[in-house]
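J.: My structure is below; once you've seen it, I'll send some questions.
The values are calculated or read from the model by the stated rules, or taken from the named source; none is laboratory data. What you are looking at is a predicted structure, and each value in this text was computed from that prediction instead of being measured. All Cβ positions, even for glycine, are placed from backbone atoms using ideal geometry, and neighbour counts span all protein chains on display. Please note that ligands, DNA and RNA were not included when accessible areas were found on the heavy atoms of the full protein model with its side chains. Shrake-Rupley method; radii C 1.70, N 1.55, O 1.52, S 1.80 Å.
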Amino acid sequence: LFMLGGSVLLKLTNTKRIKKDLNIELLMILGGAIALGTAMVDSGLGNEIGLWMQRVLPAFGSWYMLGALMALTVLLTSFITNVAAVSIVFPIVMALLPQLDLPVNVVFLAIAFSASAAFIAPVSYQTNLMVQAPGGYTSKDFVRYGVPMLLLYFAGVIGWLWINY
């Protein structure tokens with residue numbers, strides 16, 4: 001806000017340009033997701049989801065639980081922004097962290113990489129939307145090519161994390 005105010009004072013930009021370039025919808029999505037993430041922490045919902053995952057997935061081990069968290073993050077990031085997806089998944093990750101028996105950096109990197117895996121829906125990332133119309137792609141094309149790309153990406157991420165663990 002200080003930089004924006006300074007830019008207006010120095011006449012580097014004007015309020016008309018700011019109104020034109022400001023994406024209110026994106027700001028509302030990000031603000032809402034951060035508020036939802038905070039509410040999940042404060043209400044204990046993130047902890048409850050984490051405990052539920054603990055009861056359902058413990059027999060599979062830490063790496064499978066991490067894979068489930070990664071899949072949840074990818075599902076969310078396919079329909080909302082990656083920042084919003086992380087803010088929703090983070091309380092769940094924090095609840096599961098003591099039981100994962102994995103280094104914290106491995107878990108956080110896995111979630112960060114998953115939040116960037118926007119391959120299966122055109123709305124999941126701006127670039128997808130930019131190429132959809134000129135390329136004549138449909139949502140079905142994103143799923144058809146995005147799912148194999150996602151599987152390769154996951155294998156690479158999990159393999160890299162495993163080797164560097």
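J.: Please go through the stretch 56-76 and pick out each residue that is part of a helix (DSSP H, G or I), modelled with pLDDT under 75 and either under 11 Å from Gln99 (Cβ atoms) or not aliphatic (A, V, I, L, M) (or both).
T.: Scanning the stretch 56-76 gives Pro58, Phe60.
J.: Follow-up. Any idea which residue in the stretch 133-142 is surrounded by the fewest Cβ atoms within 10 Å (Cβ to Cβ), counting only those that are assigned to a loop (DSSP other than H, G, I, E, B) and not small (Gly, Ala, Ser)? Full working, then the answer.
T.: Within the stretch 133-142, the subset assigned to a loop (DSSP other than H, G, I, E, B) is 136-138.
Next cut, not small (Gly, Ala, Ser) only: 137-138.
On the way: Tyr137: 15, Thr138: 11.
Selected residue: Thr138.
J.: Kindly evaluate Ile80 against the criterion of being surrounded by 15 or more Cβ atoms within 10 Å (Cβ to Cβ), β-branched (Val, Ile, Thr) and more than 16 Å from Phe154 (Cβ to Cβ).
T.: Answer is yes for this residue.
J.: Here's a follow-up. Working only within the stretch 83-97, note down all residues that are of a type in the set (Gly, Ala, Ser) and open to solvent by 30 Å² or more (accessible area, probe 1.4 Å).
T.: So in the stretch 83-97, the residues of a type in the set (Gly, Ala, Ser) come out as 84-85, 87, 95.
Matches in the stretch 83-97: none.
J.: Would it be correct to say that Tyr145 is in a loop (DSSP other than H, G, I, E, B) and open to solvent by 70 Å² or more (accessible area, probe 1.4 Å)?
T.: No; evaluated as a whole, the condition is false for this residue.
J.: Further, regarding this structure: List every residue pair whose Cβ atoms lie under 7 Å apart, where the two residues are 6 or more positions apart in sequence or sit on different chains, the first residue falls within the stretch 119-142 and is over 26 Å from Met70 (Cα atoms), and the second residue, located anywhere, is assigned to a helix (DSSP H, G or I) and among the β-branched types (Val, Ile, Thr).
T.: From the stretch 119-142, the pairs are Tyr137/Val131.
J.: When you check Leu22 against the structure, is it farther than 29 Å from Trp160 by Cβ and either modelled with pLDDT under 75 or not polar (S, T, N, Q) (or both), yes or no? Full working, then the answer.
T.: Working: farther than 29 Å from Trp160 by Cβ: yes; either modelled with pLDDT under 75 or not polar (S, T, N, Q) (or both): yes.
Against the criterion (farther than 29 Å from Trp160 by Cβ and either modelled with pLDDT under 75 or not polar (S, T, N, Q) (or both)), Leu22 qualifies.
J.: Something else: For the stretch 98-120, enumerate the residues that are open to solvent by less than 20 Å² (accessible area, probe 1.4 Å) and either assigned to a helix (DSSP H, G or I) or modelled with pLDDT under 85 (or both).
T.: Leu100, Val106, Val107, Ala110, Ile111, Ser114, Ala115
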